[in-house]
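Data block below; observations after.
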Amino acid sequence: MEIRLRFIGVAPSDAEIMTSEVERRVNLALDRLADRVREVHVSLADVNGPRGGVDQRCVLTITPRYGGDPVVVRALEETREAAVQKALKRVRRRLEHAFERQRGWARPPQEAV
C-alpha cells in the first residue's frame, strides 16, 4: 500500500511533522485492508488560513488493488488530527462495505418481526 501526502496552505515545518504521524495513522486504520489497497492519497488543507474555525479539510482517495472505483472521503474539522481521524474512520467503513459487496459477503436482509 503506497501512501501519498499533499499539504495545501500548511507551513513546510508543520507538513514535515505531520507526515510521519499521518502515515502511521493510515497504516493503523487500514492495517487489515492493506493487501486490498493499492494507493492512499491524503490531501490536507487549511481552508481559510489564519482566520480559524472549522477549516481543516482532509480528503482521502483510496485506489483498490484489484479493480473497482476509487473511494473518496472528505472530513472538515477544527484540527488536522481530528479531520484525518474522521476521514479514516469513514473510509474504513466504506472500504469494508465495498469489499463485502465485491465478494458477495453482504448479509441478506433480515425479516421484520
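Every number here is computed from the coordinates shown, using simple stated rules; none is lab data. Small disclaimer: the values here were computed from a predicted structure and weren't measured. Virtual Cβ from ideal backbone geometry, glycine too; neighbours counted across all protein chains shown.
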Inset, instruction - As a check on your grasp of the helix formula, calculate [θ] at 222 nm for the chain: sum -39500 (n - 2.57) over DSSP H runs of n ≥ 4, divide by the residue count, round to the nearest 500. - result: -13000 deg cm²/dmol
Inset, instruction - Using the charge dipole of the chain (Lys, Arg: +1 at Cβ; Asp, Glu: -1 at Cβ; taken about the Cα centre), state which of Ala87, Thr63, Gly49 has its Cα farthest towards the positive end. - result: Thr63
Legend entry - Rel. contact order, % - alpha carbon contacts under 8 angstrom, at least six apart, the chain: 22 percent
Inset, instruction - Counting only DSSP beta bridges with both residues in the stretch 2-103, tell me the antiparallel percent, nearest 5. - result: 70 percent
Inset, instruction - Rank these for me by crowding, Phe99, Phe7, going from fewest to most other beta carbons within 10 Å. - result: Phe99, Phe7
Inset, instruction - Express in nm, to one decimal, how much length is gained between Arg38 and Ser20 on full extension, taking 0.36 nm for each residue of separation and deducting their alpha carbon distance. - result: 4.6 nm
Legend entry - Orientation-averaged projected area, Cα convex hull of the stretch 2-103 (nm²): 6.0 nm²
Legend entry - the chain: angle of helix 12-29 to the longest principal axis, Cα-based, in degrees nearest 10: 20 degrees
